[in-house]
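The values are calculated or read from the model by the stated rules, or taken from the named source; none is laboratory data. On a predicted model such as this, the values are computed, not experimentally measured, just so you know. A quick note on method: Cβ atoms are made from the backbone with ideal geometry, for glycine too, and the neighbour counts reach across all protein chains shown.
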Amino acid sequence: MLRKLQLHGVGPASDLEMSPIAGRVNLITGDNGLGKSFLLEAAWWALTRTWHEVPAVPSVPGAWISFEFDSLTKIHKSKSKWQPAAQTWNRRAGRPPNPGLVLYARVDGSYSVWDPARNYRLYSRADGGKATSPAAYQFDSQEVLWGLRREIEEGGRPREQVLCQGMIDDWTRWQASDDPRFVALKQILSRLGPDEQPLVPGEPWRPTLDDERLIPTIRMPYGHDVPLTYAPAGVRRMCKLAYLLTWAFSAHKAETQRLELPSTTQIILLVDEPETHLHPRWQRTILPSLLDAVSSWEGEERPQVQMLVATHSPVVLTSMEPHFNNEQDALWKLDLEATRGVRIERDQWHKRGDVNRWLTSDVFDLGTATSSPAEAALRRANELIDTPDPALDDVRAVDRELGRLLPEMDPYFVRWRYYMGQHVEEPS
C-alpha cells in the first residue's frame, strides 16, 4: 500500500505531502486546478516508475519526489531527484520494488495498468535474443475498446505485438465460449450499476452492414440491447472499467500460474472523478460498489485493496458515510491560501448527513446550496436582519428578490417574513 507521497518543487505548490495515506479509501477533494489529478499521476509514477505520457516537469531547481509503499517483502522508501540534462526523474536501476497490481482510471477515458508479473521483466525470446516486457500498459480511450499494440524487433525484423485484444474482441469471445472471464466480467458489471439496476450484458450483434465484427451490447433499463460503441457515456465508462479490472485480474492470475509465482497480495486503484457522466442516483452507489467489486476478486486469499479517489461530488462523499472507517479511510482537502498557496491536509472525517450539508461544509465552501444570485440575496437579507433600523426600500427590494429566487414556502423565506414582515408591508 502507498504510505507516503511528498512533492517538492513540482506540481501546484512548492511542497505537498500526503502522509500517512490511509490503507483502504483516500478521498481527495479541492477546487479545479489545485492538483487532485496531479497527485494521482504522481502516485502512479511513485508506484510504477512510469508516466502516462510525459514526465512531470519541475517548477524550480532541486525538485524531488519522495514516497513510501509496502513492497513484497518490506516498506520501500525512495527519493527521486529531477535530472535536468536527461529531462527525467532518477530511479534505481533494475526491476523496481513490487507494489502489487496497480490500475489507474483517468477522467479523460484513458487507463493504465501495472502488473508485477508482466511488467519490467527481462526474458529470452525463441531466437535467443533478449526482450523486455512493456513498462506498463497505457491505454487511451480507443485502445481500451479496440486493443493495445506495440512495435518490437524480432530476428532483425519489425513486428507488431498485441498486448491486449481490447474490450470489443475479448468481450465477444469470452461470451461466445462461456469463458470464466465472462462470468467474472458479469459479476463486476452487476456490482457497478446504479441502485437496483445492475449492468447486464445483452447478445452481441452487428450494428452496421459494412463491418463484420460483432459488438458487445448492454441491456438498457427500457429493455433494448445497445452496442457498447453507442452506449451512453456513463455506461460506457463503467463497462470499460469492469472490463479492464477483469482483464488485469485474469491476466495477472494466468501469468503467475505460468511462471509459478504467487498472486499479488495488494491492489491499488487510482480513480479520477468516478462521478463523471453519472446521474446523481448512480453517483450515490459507484464508490461503495467499486470497492466491493475489487475486493471480491476470486482467490483463496483476497488481496488488500487501497483506493485513491479524486472527486468533486458531494453525492460521492455522502455515499461513503455508511462505509467510512477512520482507521482505514481518509479525506484529503486541497485548499488555496493567500499566504501559503496550495496546501493539502487530512481532514477530520465526520458525517454531514446529506448532500446540502456537504456542499456548505469546509470541503466545498459554498455559502448556500442555492444559485449564486440566491446566495447573494440571502447574504443581504441576513445583513438587514442584523441591522437595528434597516431602510424600508432596502428591505422591500430584498424581499422582492427573495420572492423571485426562492420557493414560496422555503424555510428561510418564511423566517424572513416573520422577522421583517412589519417592514415589508406596503402602507395602505
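Only one of these is assigned to a loop (DSSP other than H, G, I, E, B) and without any contact (Cβ under 8 Å) to a residue 60 or more places away in the chain: Trp45, Trp51. Name it.
On the way: Trp45 fails: assigned to a loop (DSSP other than H, G, I, E, B).
Of Trp45, Trp51, the one residue that is assigned to a loop (DSSP other than H, G, I, E, B) and without any contact (Cβ under 8 Å) to a residue 60 or more places away in the chain is Trp51.
Matching residues to (1) touching a strand residue (DSSP E or B) at 6+ places or on another chain (Cβ under 6 Å); (2) over 21 Å from Arg346 (Cα atoms); (3) in the same structural domain as Asp335 (by TED's automatic domain parsing):
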site: Leu7; (1), (2), (3): yes, no, yes
site: Gly11; (1), (2), (3): no, no, yes
site: Ser19; (1), (2), (3): yes, no, yes
site: Leu34; (1), (2), (3): yes, no, yes
site: Ser37; (1), (2), (3): yes, no, yes
site: Leu40; (1), (2), (3): yes, no, yes
site: Ala86; (1), (2), (3): no, yes, yes
Inset, instruction - Please verify whether region 92-112 includes one or more residues that are over 23 Å from Leu244 (Cβ atoms), in contact with a Phe, Trp or Tyr (Cβ under 8 Å, 6 or more places away or on another chain) and in a loop (DSSP other than H, G, I, E, B). - result: yes
Legend entry - Hits in region 1-39 - residues which are among the hydrophobic types (A, V, I, L, M, F, W, C) and either farther than 22 Å from His52 by Cβ or surrounded by 23 or more Cβ atoms within 10 Å (Cβ to Cβ) (or both): Leu2, Leu5, Leu7, Met18, Ala22, Val25, Leu27, Ile28, Leu34, Leu39
Legend entry - Residue in region 1-29 that is farthest from Pro97 (Cα to Cα), counting only those that are part of a strand (DSSP E or B) and β-branched (Val, Ile, Thr): Thr29
Legend entry - Every pair of residues 6+ apart whose Cβ atoms lie under 8 Å, when the first sits in region 361-380 and is on the phi < 0 side of the Ramachandran plot and in a loop (DSSP other than H, G, I, E, B) while the second is surrounded by 15 or more Cβ atoms within 10 Å (Cβ to Cβ) and among the hydroxyl-bearing types (Ser, Thr, Tyr): Val363/Thr29; Phe364/Thr29; Leu366/Thr360; Gly367/Thr360; Thr368/Thr360; Ala369/Thr360
Inset, instruction - Check Thr265, Thr246, Thr256, Thr229 and return the single one that is buried (at least 20 other Cβ atoms within 10 Å of the Cβ) and either under 29 Å from Ala310 (Cβ atoms) or assigned by TED's automatic domain parsing to the domain that holds Trp45 (or both). - result: Thr246
Inset, instruction - Give me the pairs, please: first residue somewhere in region 69-82 and in the same structural domain as Arg95 (by TED's automatic domain parsing), second residue anywhere and outside any strand (DSSP E or B) and among the aliphatic types (A, V, I, L, M), beta-carbon distance under 6 Å, and either six or more positions apart or on two chains. - result: Asp70/Met1; Trp82/Ala63
Legend entry - Lone unmet requirement of (1) among the small types (Gly, Ala, Ser); (2) within 16 Å of Gly23 (Cα to Cα); (3) modelled with pLDDT of 95 or more for Ser295: (3)
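Being among the polar types (S, T, N, Q) and in a loop (DSSP other than H, G, I, E, B) narrows it down to one residue among Thr285, Thr256, Thr246, Thr276; which is it?
Values: Thr285 fails: in a loop (DSSP other than H, G, I, E, B); Thr256 fails: in a loop (DSSP other than H, G, I, E, B); Thr246 fails: in a loop (DSSP other than H, G, I, E, B).
Exactly one residue qualifies, and that residue is Thr276.
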Inset, instruction - Determine which single condition Arg340 fails, assuming it passes every other condition in (1) touching a residue at least 60 places away in the same chain (Cβ under 8 Å); (2) under 20 Å from Leu16 (Cβ atoms); (3) not β-branched (Val, Ile, Thr). - result: (1)
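Yes or no: Ala43 among the small types (Gly, Ala, Ser) and at pLDDT 95 or above? Let's see the steps before the verdict.
Working: among the small types (Gly, Ala, Ser): yes; at pLDDT 95 or above: yes.
Judged against the criteria, Ala43 is a match.
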Inset, instruction - State all residues of region 164-188 that are under 21 Å from Thr229 (Cβ atoms) and among the hydrophobic types (A, V, I, L, M, F, W, C); if no residue qualifies, say none. - result: Cys164, Met167, Ile168, Trp171, Trp174, Ala176, Phe182, Leu185, Ile188
